[in-house]
Amino acid sequence: MKTPRWSCLIGLVGVLALAGCSTPQTRINKNPAAYDRLSSEQQELVREGRVAIGFDRETVKLALGEPDRIWKRTDKAGESEAWTYTAYETATGAPLYRGYWHRYYSPSPLDYPYYGGFPARKEREIFKVVFEGDAVVSVESES
């Protein structure tokens, strides 16, 4: 019995979609030199998708991926930069998607309902990392 062509196409699309998902392990695999230079404690945090005070930008990207937004702040204490990570949900709080990959890499706004502006879609900042210089000085997350 022959496999229908559309079944093969659906399988291929599924594999490509999963390949595009970014996890700490896929980011570590893409940049093993950055991971290898970390202490064993830092490596464990990165594998768990967590960050700590003192991490540099490259290490934060290994743990969390690209930020959704970058904020610059200047005050009398100097300059800082905050990276925020966002979740998107329906008006009732049901999760739609999360993160940088979905915001910027859709081939078409019609691919998924949320790309085209899901009705009553809400953004919710779920994580913030603040840098002074190249070091994390503050980490905020939902509790």
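The values are calculated or read from the model by the stated rules, or taken from the named source; none is laboratory data. This one's a predicted model, so the numbers in the text were calculated from it and none came from an experiment. We place every Cβ from the backbone using ideal geometry, glycine too, and count neighbours over all the protein chains shown. When the accessible area is computed, the model is the full protein with side chains, heavy atoms only, and any ligands, DNA or RNA have been set aside. Shrake-Rupley method; radii C 1.70, N 1.55, O 1.52, S 1.80 Å.
Can you tell me which residues in the range 22-56 are within 17 Å of Glu132 (Cβ to Cβ) and either open to solvent by 70 Å² or more (accessible area, probe 1.4 Å) or of a type in the set (A, V, I, L, M, F, W, C) (or both)?
Val51, Ala52, Ile53, Phe55
When the range 57-79 is examined, which residues are found to be open to solvent by 20 Å² or more (accessible area, probe 1.4 Å), part of a helix (DSSP H, G or I) and at pLDDT 95 or above?
To start, the set of residues in the range 57-79 that are open to solvent by 20 Å² or more (accessible area, probe 1.4 Å) comprises 57-58, 61, 64, 66, 69-79.
Still in the list and also part of a helix (DSSP H, G or I): 57-58, 61, 64.
Result: Arg57, Glu58, Lys61.
Look at Gly54 and say whether it is under 26 Å from Ser80 (Cα atoms) and modelled with pLDDT under 95. Don't jump to the end; show me each part of the working.
Values: under 26 Å from Ser80 (Cα atoms): yes; modelled with pLDDT under 95: no.
In short, no.
Regarding the range 35-50, can at least one residue be identified that is within 14 Å of Ser138 (Cβ to Cβ), assigned to a helix (DSSP H, G or I) and modelled with pLDDT of 95 or more?
Pass one, the range 35-50, residues within 14 Å of Ser138 (Cβ to Cβ): none.
No: the range 35-50 contains no residue that is within 14 Å of Ser138 (Cβ to Cβ), assigned to a helix (DSSP H, G or I) and modelled with pLDDT of 95 or more.
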